[in-house]
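Heads up: the structure comes next, in structure tokens.
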Amino acid sequence: MRVPDADLFNPQSVMDSDFSPGGASASASVDPDFGFAFDDSNFSDRTLRIEIMPDLPETKSDGGGCCSIADWARNRKRRREDFKKENDFIGQSEEQILNCNLPYTVDGVTYENQDEEAMAMVEESPSDIGLNSNQIGNDSIYNNDSSKNMDCSKVLRVKTIHISSPILAAKSPFFYKLFSNGMKESEQRHVTLRIHASAEETALLDLLSFMYSNTLSTTTPTALLDVLMAADKFEVASCMRYCSRLLRNLPMTCESALLYLDLPSSVLMADAVQPLTDAAKQFLAVRYKDITKFQEEVLNLPLTGIEAVFSSDDLQVASEDAVYDVVLKWARTHYPKLEERRGIFATRLSRVIRFPYMTCRKLKKVLTCIDFDPELASKVVLEALFFKSEMPHRQRALAAEEANATYRRFVERAYKYRPVKVVEFELPRQQCVVYLDLKREECTHLFPAGRVYSQAFHLGGQGFFLSAHCNMDQQSSFHCFGLFLGMQERGSVTFAVDYEFAARSKPTEDYVSKYKGNYTFTGGKAVGYRNLFGIPWTAFMSDDSIYFINGILHLRAELTIRQ
């Protein structure tokens, strides 16, 4: 068969084609159904011999016995660790001929690419034809005599399948290189794969069937994950996309989401699996959106879960200071050794904290925090301070540049306590000017009785905050916008403060004073004006409202300590 204007055996032109289950006509033209030819000698030019070897003692309960995602994850992790131990005893390869994930043997010489779950692949010479499984098993695959090594002479069973090299090569760069590298083994008609008896056997057969028919009969999450792993080993991108799509369409749980994010790095980096991992991250981000409700669960999440949750823009958290505190507590719990904790902050955790939105008081604590390498602490704090000093349009530009980035350090989250900008003066009087911006959508959500608080700011050593309300005008009995100033509770200290509220308004877009007053504050008290603009809520929120400039309400509060 010939694909017009494409080389059937070019891995880039054909093998990376996408496949939709249930398929569109365009997809069918790229990925035709050759299911009728699977394991049929009439349509095959080679024979694939699959030798099923016994599992190591620690893994004999693997595979088909897995009835849940949790079982699959435990067995898979244990199997990866076992093979890492096993590979410690394998001799170093002299030469790498094929760039593949699996060790293979040609003419009795071992070429090995050490990986987490190696399967032995043997190209037989013509003289090997007809040898029994024990003879083939004694080829020099493992070059050591350690008792920890698998006894390669024990072949549990053998499966022989007729295969078509053009079909496999068109689907897999691995097979393409194997059948076309121009060396002696590419001319042989018999190929032997050596696998383990647990999940690999079924997964490999399912994968081979998919390469012919573009579909899978299995639908269980554990079986699909096994096929996905096999597809990654043999570089069958279309099957990885297919498995990823089916898994994504299954009901997601915290358990499965964390598992998808903890797959081997080779799988996670594949473009075909990105939609699945993105869905897993989104599930966790939504599940733990309000971390105050799930603080204990969040602290028990693994690293991949923490990254997914705290990378979200929609995280409902009081402030970025709170994010820093939770991440720091998690790191101290999971990485009790200081050196390891500094390493994980440097490579992973510092990227999920949006330092530019932390308060200056908390940034000072970052500089002296022993959990951060001093050089890293200086870098993130300086970056944050430079961002804070930028003009608003420049800040928006920096945030826009990160629109498609995984870690968006310049993008503001949906904080419960809205960030403020503060200008402080010590002379001639202790005074501060506070700027609070609210989006139109935030104001819309305040109706009919909501309120939003600003982050704390300080004057004379005391903490203050602003709060915007939708409340009922006591005289006119209609809803309206109110603004209040409060002092955080701290003992019995009293403060006499002059204050002024102002807002930008059209057409000049200058700040216009709306209310002045004075008040002697004690801890926990607040003062303000219930109807700041003197108009009903409907007029304040109307499309032609003079107080929203490009969808933003700009508020200003000026505080002065009275002598």
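Throughout, read-outs are computed from the coordinates displayed, never taken from laboratory work. All values derive from a computational prediction rather than experimental measurement. A quick note on method: Cβ atoms are made from the backbone with ideal geometry, for glycine too, and the neighbour counts reach across all protein chains shown.
Could you give me the ³J(HN,Hα) list for the stretch 356-362, computed from phi with Karplus coefficients 6.51, -1.76, 1.60 and θ = phi - 60°, whole Hz, x at Gly and Pro?
x, 9, 7, 6, 4, 5, 6
Going down the list LYS362/LYS421; LYS289/LYS362; LYS329/LYS362, which pairs span over 18 Å between their C-alpha atoms?
Working: LYS362/LYS421 15 Å; LYS289/LYS362 23 Å; LYS329/LYS362 15 Å.
Over 18 Å Cα-Cα: LYS289/LYS362.
For a protection proxy built on the mean count of beta-carbon atoms within 10 angstrom, sort 464-476, 507-519, 363-375 highest first, please. Intermediate values should be presented prior to the final figure.
Numbers: 464-476: 17.7, 507-519: 13.1, 363-375: 14.6.
Taking the mean over residues of other Cβ atoms within 10 Å, the ranking is 464-476, 363-375, 507-519.
Pull out the extension gain between THR444 and GLU297, defined as 0.36 nm times the separation in residues minus the alpha carbon to alpha carbon distance; nm, one decimal. Walk me through the intermediate numbers first.
Numbers: separation 147, 0.36 × 147 = 52.92 nm, distance 3.21 nm.
Working it through step by step, the gained length comes to 49.7 nm.
Suppose R0 equals 30 Å; then what is the FRET efficiency for SER41 and LYS154 from their Cβ-Cβ distance, rounded to the nearest 0.05? Can you show the working numbers first?
Numbers: r = 29 Å, r/R0 = 0.97.
Here the calculated transfer efficiency is 0.55.
Considering only the other residues whose Cβ falls under 13 Å of the Cβ of SER319, what net charge follows from Lys and Arg at +1 and Asp and Glu at -1?
+2
Under 12 Å from the Cβ of PHE345, count the other residues' Cβ atoms, weight Lys and Arg +1, Asp and Glu -1, and hand me the total. Don't skip to the end; give the middle numbers.
Working: positive: ARG332, ARG341, ARG342, ARG348, ARG351, LYS379; negative: GLU339, GLU340, ASP371, ASP373, GLU375.
Surrounding charge for PHE345 is +1.
Explain nothing, just the number: dipole magnitude of the stretch 421-561 about its Cα centre with +1 on each Lys and Arg Cβ and -1 on each Asp and Glu Cβ, in debye rounded to the nearest 20.
220 debye
Given H placed 1.01 Å from N in the peptide plane, which residues other than close sequence neighbours of PHE464 have an amide H under 5 Å from its amide H?
PHE457, HIS458, LEU459, GLN488
Show me 412-420, 381-389 ranked by packing, highest mean number of other Cβ atoms within 10 Å first. Before the final figure, lay out the partial values.
Values: 412-420: 18.3, 381-389: 15.4.
Going from most to least packed, we get 412-420, 381-389.
Would you pull out the residues with amide H under 5 Å of PHE521's amide H, same chain only if 5 or more places away, H placed 1.01 Å from N?
Amide H neighbours of PHE521: PHE495, ALA496, VAL497.
What are the ³J(HN,Hα) values, in whole Hz, obtained from phi via the Karplus relation 6.51 cos²θ - 1.76 cosθ + 1.60 with θ = phi - 60°, for each residue of the stretch 288-304 in sequence order, with x given for Gly and Pro?
10, 4, 9, 5, 5, 7, 10, 4, 5, 5, 4, 5, 9, 5, x, 4, 4
Rounded, prolate or oblate, given the Cα gyration tensor of the stretch 456-530, with a/c below 1.5 counting as rounded? Numbers along the way, then the final one.
On the way: a/c = 2.43, a/b = 1.50, b/c = 1.62.
Oblate shape, in that a/c is at least 1.5 and b/c is the bigger or equal ratio.
Dipole magnitude of the stretch 309-407 about its Cα centre, charges +1 at Lys/Arg Cβ and -1 at Asp/Glu Cβ only, in debye to the nearest 20? Each step should come with its number before you reach the end.
Numbers: 16 positive and 14 negative charges, 60 e Å.
Result for the stretch 309-407 is approximately 300 debye, rounded to the nearest 20.
Subtracting the Cα-Cα distance from 0.36 nm times the residue separation, let me have the gained length for ALA399 to LYS516 in nm, one decimal.
Values: separation 117, 0.36 × 117 = 42.12 nm, distance 3.53 nm.
Extending this stretch completely gives an extra 38.6 nm.
Taking H placed 1.01 Å from N in the peptide plane, check which residues at least 5 places from ILE549 or on another chain put their amide H under 5 Å from its amide H.
HIS554
For the stretch 421-561, what does the relative contact order come out to in percent, with C-alpha contacts under 8 Å and a separation of six or more? Can you show the working numbers first?
Details: 307 pairs, mean separation 41.4, N = 141.
Relative contact order, the stretch 421-561: 29 percent.
Using the Karplus equation 6.51 cos²θ - 1.76 cosθ + 1.60 (θ = phi - 60°), what ³J(HN,Hα) coupling, rounded to whole Hz, does each residue of the stretch 546-563 give in order, writing x for Gly and Pro?
7, 9, 9, 10, 6, x, 10, 9, 9, 10, 9, 10, 10, 10, 9, 6, 6, 6
Compute the orientation-averaged projected area for the stretch 421-561 from the convex hull of its Cα atoms and round it to one decimal in nm².
Its average projected convex-hull area is 8.6 nm².
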